[in-house]
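Trainee: Input: one structure, supplied below.
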Amino acid sequence: MARLISILDNDFYKFTMQYAVIKLFPRAKAKYQFINRGKHQFPAGFAQKLKEAIVELGKLRLTKEEKTFFADNCPYIDPTYFDFLQGYQYDPEEVTIKQDGTDLSVTVEGYWYRTILWEVPIMSLICELYYEVTGQHRFADEKVVQIVEDKMQKYDKLDITIADFGTRRRHSFKVHDLVIRTLKNHQSPTFIGTSNVYLAMKYQTKPIGTHAHEWFMFHAAKYGYKMANLLGLENWANVYRGDLGIALSDTYTTEAFFQQFDKKLSKLFDGVRHDSGDAIEFAQKTINHYKNKGIDPLSKTIIFSDGLDYAKVEKITNFCKGKIGTSFGIGTDFTNDVGLERMNIVIKMFAALPDEGEWTPVIKLSDEAMKHTGDPQEIEMAIRYLQLDEHA
């Protein structure tokens, strides 16, 4: 059955955020919940199998080889963090799993610096287990490899750089491993790394990522919606001092982000990441923003990561060429293009408890209203507070 073999089988930005949380918010707590966007129906007994896989996660430990690789590739992180990670272990008691008919419920609760690592492995386990217990058969390995090769030959012609961002909704670890091996063996400058730290180590490529929506969601709980992006980026810069300089833009819509992305931050950060809404519109807004700040857009980069495939990448590349730098994070189109329906699931923080005070509901306002997450009343309040008329 599905299981993880390494504590580093997780997205890089989970570890970089964990380090920042330990430094800045060691007493904060968080709650997460599973959201079944695709309305997938889980067969009887699924919750029990997932619980068993979660218990197995609690047995993982960072190895000496993994610690050395991670530390060597992240000189901007204090050595004390890697000592902490060496002693870290998943605590299954932090995870509650229930099943009612075909509906699956998963929640996580505990100190934020601990629970922050759960999201990605739980999602990848849910996906892999779902395909296993429903008896769905994927393409043969040879066809998976050929699909990746065919895509890379097309991407090479666009003269771009791409990374794998596909851990969360991959078909399985075996497919993910096969994909990264194929990308690494492809021998072109197009592929630059993966968000998966374990596979980056195994195939000696670069671990890639910065921060996720939850970083700003927590800042909203602590400082309010109007200060969430500004203080989230200020705190990130204070921890990383110029490294890991790609800012996520859409936690409270791009409109709100650019209002807080002042000239100092615009110069300090290397670029921004697009994760929802129309990519071309976002690119033009970003170009205009930099020009209005007196910054050459060609000195900056947009990382595109929203449900990409070749057609989208080609369209974005053609628009941005000669206007602003680009790179692409491709997820399930690499790690779950195996002849089966791809799962549409997420796990999001839904409440935070800062250093003091009470549990506060947290939300995400995507550039696509259907991707908003959190309490509906809180969403409505935030939209009014941020004066986001087009999202009302």
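Trainee: Among the numbered criteria (1) under 22 Å from F258 (Cβ atoms); (2) of a type in the set (S, T, Y); (3) surrounded by fewer than 20 Cβ atoms within 10 Å (Cβ to Cβ), which single criterion is violated by T360?
Mentor: (1)
Trainee: Here is a further query. Are any residues in segment 369-387 of a type outside the set (V, I, T), open to solvent by less than 50 Å² (accessible area, probe 1.4 Å) and either within 24 Å of the chain's Cα centre (by Cα) or at pLDDT below 85 (or both), and if so, which ones?
Mentor: Those that are of a type outside the set (V, I, T), open to solvent by less than 50 Å² (accessible area, probe 1.4 Å) and either within 24 Å of the chain's Cα centre (by Cα) or at pLDDT below 85 (or both): K371, H372, G374, E378, A382.
Trainee: Among the residues of segment 98-127, what is the count of those that are more than 22 Å from the chain's Cα centre (by Cα) and buried (at least 21 other Cβ atoms within 10 Å of the Cβ)?
Mentor: 0
Trainee: Shifting gears a bit: Only one of K315, K323 is over 29 Å from E149 (Cβ atoms), open to solvent by 10 Å² or more (accessible area, probe 1.4 Å) and modelled with pLDDT of 95 or more; which?
Mentor: Working: K315 fails: over 29 Å from E149 (Cβ atoms).
Answer to the check: K323.
Trainee: Next question. Among the residues of segment 128-144, count how many are within 13 Å of H40 (Cβ to Cβ) and surrounded by fewer than 19 Cβ atoms within 10 Å (Cβ to Cβ).
Mentor: Counting residues in segment 128-144 that are within 13 Å of H40 (Cβ to Cβ) and surrounded by fewer than 19 Cβ atoms within 10 Å (Cβ to Cβ) gives 3.
Trainee: Continuing with the same structure: Of all residues in segment 289-298, which are more than 14 Å from S327 (Cβ to Cβ) and either open to solvent by 70 Å² or more (accessible area, probe 1.4 Å) or at pLDDT below 95 (or both)? Break it down stepwise before answering.
Mentor: Within segment 289-298, the first condition is being more than 14 Å from S327 (Cβ to Cβ), and the residues that meet it are 289-297.
Across segment 289-298, the qualifying residues are K291, N292, D296.
Trainee: While we're looking at this one, here's another question. Would you check which residues across segment 336-353 are open to solvent by 30 Å² or more (accessible area, probe 1.4 Å) and either in a loop (DSSP other than H, G, I, E, B) or farther than 26 Å from G374 by Cα (or both) and list them?
Mentor: Across segment 336-353, the qualifying residues are D337, G339, L340, E341, R342, N344.
Trainee: Tell me which helices (runs of 4 or more DSSP H) are completely within segment 161-244 and hold 2 or more residues being open to solvent by 10 Å² or more (accessible area, probe 1.4 Å) and in contact with a His (Cβ under 9 Å, 6 or more places away or on another chain), or say none if there are none. It would help to see each step written out before you state the result.
Mentor: Details: elements: 173-185, 197-202, 213-223, 225-240.
Output list reads 225-240.
Trainee: Looking at I22, I5, I97, I54, can you tell me which residue is over 22 Å from L244 (Cα atoms) and either part of a helix (DSSP H, G or I) or without any contact (Cβ under 8 Å) to a residue 24 or more places away in the chain (or both)? Let's see the steps before the verdict.
Mentor: Values: I22 fails: over 22 Å from L244 (Cα atoms); I5 fails: either part of a helix (DSSP H, G or I) or without any contact (Cβ under 8 Å) to a residue 24 or more places away in the chain (or both); I97 fails: either part of a helix (DSSP H, G or I) or without any contact (Cβ under 8 Å) to a residue 24 or more places away in the chain (or both).
Of the residues listed, the single one that is over 22 Å from L244 (Cα atoms) and either part of a helix (DSSP H, G or I) or without any contact (Cβ under 8 Å) to a residue 24 or more places away in the chain (or both) is I54.
Trainee: Take the residues in segment 256-284 that are over 13 Å from C320 (Cβ atoms) and among the acidic types (D, E), then tell me which one is least open to solvent (accessible area, probe 1.4 Å). Let's see the steps before the verdict.
Mentor: If we filter segment 256-284 for residues that are over 13 Å from C320 (Cβ atoms), which is where we start, we get 256-270, 273, 275-278.
This time we only want the ones that are among the acidic types (D, E), so: 262, 270, 275, 278.
Working: D262: 54, D270: 78, D275: 34, D278: 77 Å².
It comes out as D275.
Trainee: When only residues in segment 274-332 that are in a strand (DSSP E or B) and not β-branched (V, I, T) count, which is farthest from the chain's Cα centre (by Cα)? Full working, then the answer.
Mentor: The first filter runs over segment 274-332 and keeps only residues in a strand (DSSP E or B), leaving 274, 301-304, 325-330.
Applying the additional criterion that residues be not β-branched (V, I, T) yields 274, 304, 325, 327-329.
Details: H274: 12, F304: 12, G325: 21, S327: 16, F328: 13, G329: 10 Å.
In this case the residue turns out to be G325.
Trainee: Please work out if F34 is in a strand (DSSP E or B), out of contact with any Lys or Arg (no Cβ under 6 Å at 6 or more places or on another chain) and not aliphatic (A, V, I, L, M). Spell out the reasoning first.
Mentor: On the way: in a strand (DSSP E or B): yes; out of contact with any Lys or Arg (no Cβ under 6 Å at 6 or more places or on another chain): yes; not aliphatic (A, V, I, L, M): yes.
So F34 passes the test.
The values are calculated or read from the model by the stated rules, or taken from the named source; none is laboratory data. Fair warning: this is a prediction, and the values are worked out from it, not measured in the lab. Neighbour counts run over all protein chains shown; Cβ positions are idealised from the backbone, glycine included. Heads up: the accessible areas ignore ligands, DNA and RNA and are worked out on the full protein's heavy atoms, side chains in. Shrake-Rupley method; radii C 1.70, N 1.55, O 1.52, S 1.80 Å.
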